[in-house]
1. Restricting to region 230-259, and then to whatever is of a type in the set (Gly, Ala, Ser) and in a helix (DSSP H, G or I), can you tell me which residue is nearest to Phe218 (Cα to Cα)?
2. Looking at region 109-134, which of its residues are buried (at least 16 other Cβ atoms within 10 Å of the Cβ) and modelled with pLDDT of 95 or more?
3. Taking the residues in region 82-108 that are without any contact (Cβ under 8 Å) to a residue 24 or more places away in the chain and of a type in the set (Val, Ile, Thr) as candidates, determine which candidate is surrounded by the most Cβ atoms within 10 Å (Cβ to Cβ).
4. Considering Ala12, Ala35, which residue is farther than 26 Å from Leu222 by Cα and either touching a Ser or Thr at 6+ places or on another chain (Cβ under 6 Å) or part of a helix (DSSP H, G or I) (or both)?
5. Give the residue that is farthest from Tyr132 (Cα to Cα), with candidates limited to residues of region 62-105 that are part of a loop (DSSP other than H, G, I, E, B) and among the acidic types (Asp, Glu).
6. If you check Arg90 against the conditions, is it touching a helix residue (DSSP H, G or I) at 6+ places or on another chain (Cβ under 6 Å) and farther than 27 Å from Leu177 by Cα?
Amino acid sequence: MIVELKQTNLKAYWQLTRMHKPIGILLLLWPMYWALWIASSGSPNTLVFIVFTLGVVLMRSAGCVINDYADREVDLHVSRTKGRPIASGRVTPVEALQLFALLIVAAFLLVLSMNKLTVWLSFGGVFLAALYPFMKRYTHFPQVFLGAAFSWAVPMVFAAQTNTIPPLAWLLVIATLIWAVVYDTMYAMVDREDDLKIGVKSTAILFGKLDKVLISFFQILLLTTLIIIGQKAELGVFYFTGVFVAGLFSVYQQYLIKDRLPTKCMTAFLNNNYLGLAVFIGVLLDYTNKL
(Lines give C-alpha, C1' and ligand atoms only; values in the text may rest on other atoms or scores of the structure.)
Protein backbone atom coordinates (compact mmCIF):
# COMPACT_ATOMS: atom_id res chain seq x y z
CA MET A 1 0.00 0.00 0.00
CA ILE A 2 1.08 3.60 -0.68
CA VAL A 3 0.86 4.56 3.01
CA GLU A 4 3.17 1.68 3.99
CA LEU A 5 5.63 2.61 1.27
CA LYS A 6 5.77 6.21 2.44
CA GLN A 7 6.49 5.10 5.99
CA THR A 8 9.30 2.72 5.08
CA ASN A 9 10.91 4.56 2.15
CA LEU A 10 10.32 8.22 2.87
CA LYS A 11 13.82 9.40 1.94
CA ALA A 12 13.71 7.67 -1.45
CA TYR A 13 10.31 9.18 -2.20
CA TRP A 14 11.58 12.61 -1.18
CA GLN A 15 14.47 12.23 -3.61
CA LEU A 16 12.21 10.84 -6.34
CA THR A 17 10.01 13.95 -6.16
CA ARG A 18 13.18 16.16 -6.17
CA MET A 19 11.99 18.08 -3.15
CA HIS A 20 15.64 18.36 -2.16
CA LYS A 21 16.28 20.20 -5.46
CA PRO A 22 13.63 22.97 -5.61
CA ILE A 23 14.92 24.64 -8.81
CA GLY A 24 12.14 23.02 -10.84
CA ILE A 25 9.50 24.37 -8.47
CA LEU A 26 10.94 27.87 -8.76
CA LEU A 27 11.09 27.76 -12.56
CA LEU A 28 7.40 26.82 -12.53
CA LEU A 29 6.42 29.33 -9.87
CA TRP A 30 7.85 32.50 -11.45
CA PRO A 31 5.81 32.53 -14.68
CA MET A 32 2.73 31.44 -12.75
CA TYR A 33 3.26 34.41 -10.40
CA TRP A 34 3.86 36.74 -13.37
CA ALA A 35 0.50 35.63 -14.75
CA LEU A 36 -1.36 35.78 -11.44
CA TRP A 37 -0.24 39.33 -10.65
CA ILE A 38 -1.00 40.55 -14.17
CA ALA A 39 -4.38 38.77 -14.28
CA SER A 40 -5.36 40.32 -10.94
CA SER A 41 -3.81 43.75 -11.61
CA GLY A 42 -1.61 43.24 -8.57
CA SER A 43 -4.29 41.98 -6.16
CA PRO A 44 -4.40 38.19 -6.46
CA ASN A 45 -7.17 36.22 -4.82
CA THR A 46 -5.75 34.57 -1.69
CA LEU A 47 -7.32 31.17 -2.40
CA VAL A 48 -6.05 31.20 -5.99
CA PHE A 49 -2.56 32.09 -4.75
CA ILE A 50 -2.51 29.24 -2.22
CA VAL A 51 -4.04 26.63 -4.53
CA PHE A 52 -1.68 27.37 -7.40
CA THR A 53 1.41 27.59 -5.22
CA LEU A 54 0.66 24.19 -3.70
CA GLY A 55 -0.43 22.90 -7.10
CA VAL A 56 2.90 23.84 -8.65
CA VAL A 57 4.75 21.92 -5.93
CA LEU A 58 2.56 18.84 -6.39
CA MET A 59 2.62 18.87 -10.20
CA ARG A 60 6.37 19.43 -10.39
CA SER A 61 6.84 16.53 -7.98
CA ALA A 62 4.52 14.36 -10.07
CA GLY A 63 6.43 15.37 -13.20
CA CYS A 64 9.73 14.29 -11.62
CA VAL A 65 8.26 10.92 -10.64
CA ILE A 66 6.89 10.13 -14.10
CA ASN A 67 10.10 11.43 -15.68
CA ASP A 68 12.20 8.99 -13.64
CA TYR A 69 9.73 6.21 -14.41
CA ALA A 70 10.08 6.90 -18.14
CA ASP A 71 13.89 7.15 -17.85
CA ARG A 72 14.38 4.20 -15.51
CA GLU A 73 16.45 2.28 -18.10
CA VAL A 74 18.21 5.34 -19.54
CA ASP A 75 19.27 6.70 -16.14
CA LEU A 76 21.43 3.64 -15.55
CA HIS A 77 23.74 4.73 -18.38
CA VAL A 78 24.11 8.41 -17.40
CA SER A 79 26.67 9.21 -14.72
CA ARG A 80 24.61 12.07 -13.28
CA THR A 81 21.39 10.05 -12.95
CA LYS A 82 22.39 6.43 -12.26
CA GLY A 83 21.89 6.95 -8.52
CA ARG A 84 18.26 8.08 -8.84
CA PRO A 85 15.77 6.08 -6.69
CA ILE A 86 14.22 3.97 -9.48
CA ALA A 87 17.45 3.41 -11.42
CA SER A 88 19.24 2.34 -8.23
CA GLY A 89 16.40 0.00 -7.19
CA ARG A 90 15.35 1.88 -4.05
CA VAL A 91 11.89 2.53 -5.52
CA THR A 92 10.14 0.08 -7.84
CA PRO A 93 8.38 1.22 -11.05
CA VAL A 94 5.02 0.21 -9.56
CA GLU A 95 5.68 2.26 -6.43
CA ALA A 96 6.62 5.23 -8.63
CA LEU A 97 3.32 5.00 -10.53
CA GLN A 98 1.45 4.82 -7.23
CA LEU A 99 3.19 7.95 -6.00
CA PHE A 100 2.52 9.72 -9.32
CA ALA A 101 -1.19 8.90 -9.02
CA LEU A 102 -1.28 10.11 -5.40
CA LEU A 103 0.29 13.46 -6.32
CA ILE A 104 -2.05 13.94 -9.30
CA VAL A 105 -5.11 13.21 -7.17
CA ALA A 106 -3.93 15.66 -4.50
CA ALA A 107 -3.40 18.37 -7.13
CA PHE A 108 -6.83 17.67 -8.64
CA LEU A 109 -8.53 17.95 -5.24
CA LEU A 110 -6.94 21.38 -4.91
CA VAL A 111 -8.11 22.55 -8.33
CA LEU A 112 -11.69 21.45 -7.55
CA SER A 113 -11.91 24.56 -5.35
CA MET A 114 -11.59 26.69 -8.51
CA ASN A 115 -14.17 27.46 -11.23
CA LYS A 116 -15.22 25.00 -13.96
CA LEU A 117 -12.97 26.49 -16.65
CA THR A 118 -9.92 25.98 -14.44
CA VAL A 119 -10.96 22.41 -13.64
CA TRP A 120 -11.32 21.55 -17.33
CA LEU A 121 -7.96 23.10 -18.12
CA SER A 122 -6.32 20.98 -15.42
CA PHE A 123 -6.78 17.87 -17.57
CA GLY A 124 -4.53 19.44 -20.18
CA GLY A 125 -1.89 20.03 -17.53
CA VAL A 126 -1.90 16.37 -16.46
CA PHE A 127 -1.68 15.24 -20.08
CA LEU A 128 1.33 17.46 -20.80
CA ALA A 129 3.10 16.49 -17.57
CA ALA A 130 2.72 12.79 -18.38
CA LEU A 131 3.63 13.20 -22.07
CA TYR A 132 6.85 15.20 -21.77
CA PRO A 133 9.19 12.54 -20.29
CA PHE A 134 8.60 10.16 -23.22
CA MET A 135 9.27 12.73 -25.96
CA LYS A 136 13.07 12.51 -25.80
CA ARG A 137 12.78 9.11 -27.46
CA TYR A 138 10.85 10.35 -30.47
CA THR A 139 11.80 13.97 -31.10
CA HIS A 140 14.70 16.36 -30.69
CA PHE A 141 12.27 18.87 -29.19
CA PRO A 142 11.44 17.50 -25.71
CA GLN A 143 12.32 20.98 -24.41
CA VAL A 144 9.33 22.37 -26.32
CA PHE A 145 7.05 19.81 -24.67
CA LEU A 146 8.53 20.73 -21.29
CA GLY A 147 7.79 24.37 -22.08
CA ALA A 148 4.19 23.51 -22.93
CA ALA A 149 3.83 21.64 -19.63
CA PHE A 150 5.47 24.41 -17.60
CA SER A 151 3.44 27.16 -19.30
CA TRP A 152 0.06 25.51 -18.79
CA ALA A 153 -0.26 27.07 -15.34
CA VAL A 154 -0.56 30.48 -17.06
CA PRO A 155 -3.98 30.02 -18.75
CA MET A 156 -5.14 28.09 -15.69
CA VAL A 157 -4.30 30.93 -13.32
CA PHE A 158 -5.97 33.48 -15.61
CA ALA A 159 -9.06 31.25 -15.70
CA ALA A 160 -9.05 30.92 -11.92
CA GLN A 161 -8.57 34.63 -11.30
CA THR A 162 -10.79 36.09 -14.07
CA ASN A 163 -12.77 33.14 -15.51
CA THR A 164 -11.37 34.12 -18.94
CA ILE A 165 -8.21 33.51 -20.96
CA PRO A 166 -7.37 36.78 -22.78
CA PRO A 167 -4.76 37.13 -25.56
CA LEU A 168 -2.31 38.48 -22.98
CA ALA A 169 -2.37 35.10 -21.24
CA TRP A 170 -1.25 33.37 -24.43
CA LEU A 171 1.60 35.85 -24.79
CA LEU A 172 2.72 34.79 -21.33
CA VAL A 173 2.41 31.15 -22.41
CA ILE A 174 4.70 31.88 -25.37
CA ALA A 175 7.24 33.64 -23.12
CA THR A 176 7.25 30.75 -20.66
CA LEU A 177 7.65 28.18 -23.42
CA ILE A 178 10.57 30.08 -24.99
CA TRP A 179 12.21 30.44 -21.60
CA ALA A 180 11.90 26.68 -20.97
CA VAL A 181 13.62 25.97 -24.29
CA VAL A 182 16.46 28.26 -23.19
CA TYR A 183 17.11 26.80 -19.75
CA ASP A 184 16.35 23.18 -20.59
CA THR A 185 18.73 23.29 -23.55
CA MET A 186 21.40 24.46 -21.12
CA TYR A 187 20.42 21.55 -18.87
CA ALA A 188 20.60 19.12 -21.80
CA MET A 189 24.11 20.36 -22.63
CA VAL A 190 25.23 18.83 -19.33
CA ASP A 191 24.30 15.31 -20.46
CA ARG A 192 24.88 15.71 -24.20
CA GLU A 193 27.77 13.22 -24.48
CA ASP A 194 25.92 10.55 -22.50
CA ASP A 195 22.70 11.18 -24.44
CA LEU A 196 24.50 10.76 -27.76
CA LYS A 197 25.81 7.37 -26.65
CA ILE A 198 22.43 6.02 -25.58
CA GLY A 199 20.32 7.62 -28.31
CA VAL A 200 18.32 10.13 -26.26
CA LYS A 201 17.27 13.24 -28.20
CA SER A 202 17.35 16.91 -27.17
CA THR A 203 17.64 20.42 -28.59
CA ALA A 204 21.25 20.47 -27.32
CA ILE A 205 22.02 17.56 -29.67
CA LEU A 206 19.96 19.00 -32.52
CA PHE A 207 21.56 22.45 -32.30
CA GLY A 208 25.07 21.01 -32.19
CA LYS A 209 27.76 23.65 -32.65
CA LEU A 210 25.05 26.29 -33.09
CA ASP A 211 23.79 25.71 -29.54
CA LYS A 212 25.10 28.98 -28.06
CA VAL A 213 23.89 31.03 -31.05
CA LEU A 214 20.42 29.50 -30.99
CA ILE A 215 20.14 29.85 -27.21
CA SER A 216 21.01 33.54 -27.58
CA PHE A 217 18.34 33.83 -30.30
CA PHE A 218 15.71 32.38 -27.96
CA GLN A 219 16.92 34.60 -25.12
CA ILE A 220 16.41 37.68 -27.32
CA LEU A 221 13.00 36.33 -28.34
CA LEU A 222 12.09 35.86 -24.67
CA LEU A 223 13.10 39.40 -23.73
CA THR A 224 11.24 40.81 -26.73
CA THR A 225 8.10 38.91 -25.74
CA LEU A 226 8.40 40.16 -22.15
CA ILE A 227 8.65 43.73 -23.44
CA ILE A 228 5.50 43.25 -25.54
CA ILE A 229 3.72 41.79 -22.51
CA GLY A 230 4.70 44.85 -20.46
CA GLN A 231 3.32 47.15 -23.13
CA LYS A 232 0.06 45.20 -23.48
CA ALA A 233 -0.40 45.08 -19.69
CA GLU A 234 0.48 48.81 -19.41
CA LEU A 235 3.27 48.11 -16.94
CA GLY A 236 5.84 50.75 -16.09
CA VAL A 237 9.43 51.44 -15.19
CA PHE A 238 9.74 48.83 -12.42
CA TYR A 239 8.67 46.03 -14.74
CA PHE A 240 10.95 47.07 -17.57
CA THR A 241 13.81 47.40 -15.12
CA GLY A 242 13.13 43.80 -14.11
CA VAL A 243 13.23 42.75 -17.76
CA PHE A 244 16.52 44.65 -18.18
CA VAL A 245 18.00 42.75 -15.22
CA ALA A 246 16.74 39.53 -16.80
CA GLY A 247 18.67 40.54 -19.92
CA LEU A 248 21.83 40.92 -17.86
CA PHE A 249 21.33 37.43 -16.44
CA SER A 250 20.95 36.16 -20.01
CA VAL A 251 24.30 37.69 -20.94
CA TYR A 252 25.88 36.09 -17.88
CA GLN A 253 24.43 32.71 -18.85
CA GLN A 254 26.01 33.04 -22.29
CA TYR A 255 29.34 33.66 -20.57
CA LEU A 256 28.87 30.53 -18.46
CA ILE A 257 28.14 28.23 -21.43
CA LYS A 258 30.82 29.68 -23.71
CA ASP A 259 33.12 26.64 -23.32
CA ARG A 260 30.25 24.13 -23.00
CA LEU A 261 31.68 22.76 -19.74
CA PRO A 262 28.99 20.61 -18.05
CA THR A 263 29.44 22.21 -14.62
CA LYS A 264 29.17 25.71 -16.11
CA CYS A 265 26.13 24.73 -18.18
CA MET A 266 24.46 23.49 -15.00
CA THR A 267 25.29 26.80 -13.29
CA ALA A 268 23.74 28.65 -16.23
CA PHE A 269 20.61 26.52 -15.94
CA LEU A 270 20.32 27.22 -12.21
CA ASN A 271 20.88 30.95 -12.81
CA ASN A 272 17.53 31.10 -14.60
CA ASN A 273 15.90 31.14 -11.18
CA TYR A 274 17.23 34.69 -10.72
CA LEU A 275 16.04 35.70 -14.18
CA GLY A 276 12.49 34.64 -13.34
CA LEU A 277 12.70 36.29 -9.94
CA ALA A 278 13.89 39.57 -11.49
CA VAL A 279 10.87 39.70 -13.77
CA PHE A 280 8.51 38.88 -10.90
CA ILE A 281 10.00 41.57 -8.66
CA GLY A 282 9.47 44.02 -11.52
CA VAL A 283 5.82 42.99 -11.86
CA LEU A 284 5.28 43.08 -8.09
CA LEU A 285 6.85 46.52 -7.61
CA ASP A 286 5.01 47.95 -10.59
CA TYR A 287 1.58 46.95 -9.31
CA THR A 288 2.47 47.84 -5.71
CA ASN A 289 3.40 51.32 -6.90
CA LYS A 290 0.01 51.66 -8.62
CA LEU A 291 -2.10 50.49 -5.67
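The values are calculated or read from the model by the stated rules, or taken from the named source; none is laboratory data. As the structure is a computational prediction, the values presented were derived from the model and not from experiment. All Cβ positions, glycine included, derive from the backbone under ideal geometry; neighbour counts span all protein chains shown.
1. Checked region 230-259; the qualifying residue nearest to Phe218 (Cα to Cα) is Ser250.
2. Across region 109-134, the qualifying residues are Leu110, Val111, Met114, Leu117, Thr118, Val119, Leu121, Ser122.
3. Out of the qualifying residues, it is Thr92.
4. Ala12 is the lone residue from the list that is farther than 26 Å from Leu222 by Cα and either touching a Ser or Thr at 6+ places or on another chain (Cβ under 6 Å) or part of a helix (DSSP H, G or I) (or both).
5. Applying the filter and picking the extreme gives Glu73.
6. So Arg90 fits the description; yes.
Here is a yes/no grid of residues against (1) of a type outside the set (A, V, I, L, M, F, W, C); (2) surrounded by 22 or more Cβ atoms within 10 Å (Cβ to Cβ); (3) touching a strand residue (DSSP E or B) at 6+ places or on another chain (Cβ under 7 Å); (4) modelled with pLDDT of 95 or more:
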{"site": "Leu248", "(1), (2), (3), (4)": "no, no, no, yes"}
{"site": "Val251", "(1), (2), (3), (4)": "no, no, no, yes"}
{"site": "Tyr255", "(1), (2), (3), (4)": "yes, no, no, yes"}
{"site": "Cys265", "(1), (2), (3), (4)": "no, yes, no, yes"}
{"site": "Tyr274", "(1), (2), (3), (4)": "yes, no, no, yes"}
{"site": "Leu277", "(1), (2), (3), (4)": "no, no, no, yes"}
{"site": "Val283", "(1), (2), (3), (4)": "no, yes, no, yes"}
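Residues checked against (1) among the aromatic types (Phe, Trp, Tyr); (2) surrounded by fewer than 18 Cβ atoms within 10 Å (Cβ to Cβ); (3) under 20 Å from Asn271 (Cα atoms):
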residue	(1), (2), (3)
Asp195	no, no, no
Lys201	no, no, no
Ala204	no, no, yes
Phe217	yes, yes, yes
Gly230	no, no, no
